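Any read-out appearing in this document is the output of simple, stated calculations on the displayed coordinates, not a laboratory observation. Note that the structure is predicted; figures quoted are calculated from it, not measured. Every residue, glycine as well, gets a Cβ built from its backbone with ideal geometry; the counts of neighbours run over all protein chains shown.
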Amino acid sequence: MSVSEILVINGPNLNLLGQRQPEIYGYDTLASIADKCASLAETLEVSVRFEQSSHEGSIVDFIHDARQKSAAIIINAGAYTHTSAAIHDALKTFDGYIIELHISNPHAREEFRHHSWISPVANAVMAGAGAYGYELATRLAAEKISQTK
């Protein structure tokens with residue numbers, strides 16, 4: 001296992017960041033967010049790997065793969081946050097640090113977004129900080145990784 005890798009998992013529609021509902025999600029693209037996090041990770045002496053899929057099974061596979069390769073997972077599961085017992089169960093198999101991430105604040109949005117299947121298995125939840133939340137989560141994950149070395 002690479003004890004310093006942070007896996008950042010992005011769910012459905014996050015490939016459209018910067019284009020889809022910028023009034024909610026902002027104008028940063030997923031690629032620009034990944035670049036910022038990679039630069040930050042280098043200064044924090046960790047590595048970061050970004051994955052994105054709109055397919056629930058692929059997200060489960062990313063989590064399973066992380067069991068051997070990653071010390072932390074940052075997950076923005078998108079709409080699967082509110083629907084996926086499969087992602088919940090996969091995260092339960094991961095022994096590292098887990099951060100649930102949301103660009104917007106789901107509790108300030110539609111009622112169906114108020115329940116999370118991820119929160120019960122996450123060590124931390126970050127919401128409402130926009131794209132900057134990815135950098136905040138990267139800093140937190142790096143700190144937690146350094147505490148376990």
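So if each residue of separation counts as 0.36 nm, and I subtract the Cα-Cα distance between Ala124 and Gln68, what length gain in nm does that give?
That pair, Ala124 and Gln68, stretches by 18.0 nm at full extension.
Tell me the label only: which of (1) 35, 18, 14; (2) 24, 18, 17; (3) 22, 18, 13 is semi-axes √(5λ) of the Cα gyration tensor in Å as calculated from this structure?
Here semi-axes √(5λ) of the Cα gyration tensor in Å agrees with entry (3).
Residues of region 22-53 with the amide nitrogen closer than 19 Å to a label point 7 Å from the Cα of Ser146, along Cα-to-Cβ, please.
Zone members listed by number: 37-49.
I need the peptides 4-12, 139-147 ranked by packing, meaning the mean over residues of other C-beta atoms within 10 angstrom, with the highest value on top.
4-12, 139-147
Check each of the GluC sites (Glu not before Pro) in region 34-116 and keep only those in coil by DSSP with at most 10 other C-beta atoms within 10 angstrom; list them in order.
Glu45, Glu110
At 7 Å along the Cα-to-beta-carbon direction for both Gln19 and Asn105, put a label point, then send me their distance in nm to one decimal.
3.0
With n ≥ 4 as the cut-off for DSSP H runs, can you work out [θ] at 222 nm for the chain, using -39500 (n - 2.57) per run divided by the number of residues, rounded to the nearest 500?
-11500 deg cm²/dmol
Could you work out the local net charge near Asp95, counting Lys and Arg as +1, Asp and Glu as -1, over the other residues with Cβ closer than 13 Å to its Cβ?
Computed value for this residue: +4.
In the chain, how many lysine pairs have Cα atoms under 20 Å apart, counting only pairs 8 or more places apart or on different chains?
The number of close lysine pairs in the chain is 5.
With θ set to phi - 60° and the Karplus curve 6.51 cos²θ - 1.76 cosθ + 1.60, what are the ³J(HN,Hα) couplings of region 95-107 in order, to the nearest whole Hz, using x for Gly and Pro?
Coupling constants for region 95-107: 8, x, 7, 10, 10, 7, 10, 9, 5, 9, 9, x, 6 Hz.
For Thr83, list long-range residues whose amide hydrogen, built 1.01 Å from N in the peptide plane, is under 5 Å from its own amide hydrogen.
Residues meeting the criterion, in which the H sits 1.01 Å from N, are Trp117.
For Phe50, enumerate residues with amide H under 5 Å from its amide H, sequence gap 5+ or separate chain, H modeled in the peptide plane.
Amide H to amide H, under 5 Å and 5 or more residues apart or across chains, Phe50 pairs with Val8.
Name the long-range amide H neighbours of Met126: under 5 Å, sequence gap of 5 or more, or other chain; modelled H, no Pro or chain starts.
Sorted by chain and number, the residues that satisfy this are Glu100, Leu101, His102.
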